[in-house]
Amino acid sequence: MLAVLLFAACCGGRPAGGPSGPPVSGSATPDAGKGAAATKPGLHVTVEPPDAKLFVDGMPRDASATGGFIELEPGLHQVMVTRTGYQTWRAEVTVGEGIEELDLRLEKAADH
């Protein structure tokens, strides 16, 4: 079973659960249509708003060119999504041997 550990924080270092909420954690499911041997490891990312900027391990990535898929080596990766007028989303994501799903919705910043 593949697992994703998310330690999400938004602007100011607050956890994604709110000013006093716990870090977010969950599990991802492998690509149901393919066996692990038939898939390349990575992330399938969906971001709202769609024009938000995505960074993986500090590098800008354009997942829209690959239908949301970003090929990555198995292991721990730093993911950040940002857009003006929205809270920045950050997480450490563990990629296994399959595809991890990330469905992200940025929250509007308090001052917008």
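The values are calculated or read from the model by the stated rules, or taken from the named source; none is laboratory data. Here the structure is a predicted model, which means the values were calculated and not measured. Here the Cβ positions follow ideal geometry from the backbone for every residue, glycine too, while neighbour counts run over all protein chains shown.
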Quiz item: With (1) in contact with a Ser or Thr (Cβ under 6 Å, 6 or more places away or on another chain); (2) surrounded by 16 or more Cβ atoms within 10 Å (Cβ to Cβ); (3) modelled with pLDDT of 95 or more as the list, and Leu76 as the residue in question, which single condition is left unmet?
Solution: (2)
Quiz item: What residue, among those in segment 98-111 that are outside any strand (DSSP E or B) and under 16 Å from Val45 (Cα atoms), is modelled with the highest pLDDT?
Solution: Leu106
Self-check item: Members of segment 83-108 found to be acidic (Asp, Glu) and within 16 Å of Asp57 (Cβ to Cβ), listed by number
Solution: Glu92, Glu100
Practice problem: Return a yes/no flag: does segment 50-60 have any residue that is in contact with a strand residue (DSSP E or B) (Cβ under 9 Å, 6 or more places away or on another chain), modelled with pLDDT of 80 or more, on the phi < 0 side of the Ramachandran plot and surrounded by fewer than 14 Cβ atoms within 10 Å (Cβ to Cβ). | Solution: yes
Self-check item: Residue satisfying condition, being surrounded by 12 or more Cβ atoms within 10 Å (Cβ to Cβ) and at pLDDT 95 or above, within set Val24, Val95, Val47
Solution: Val95
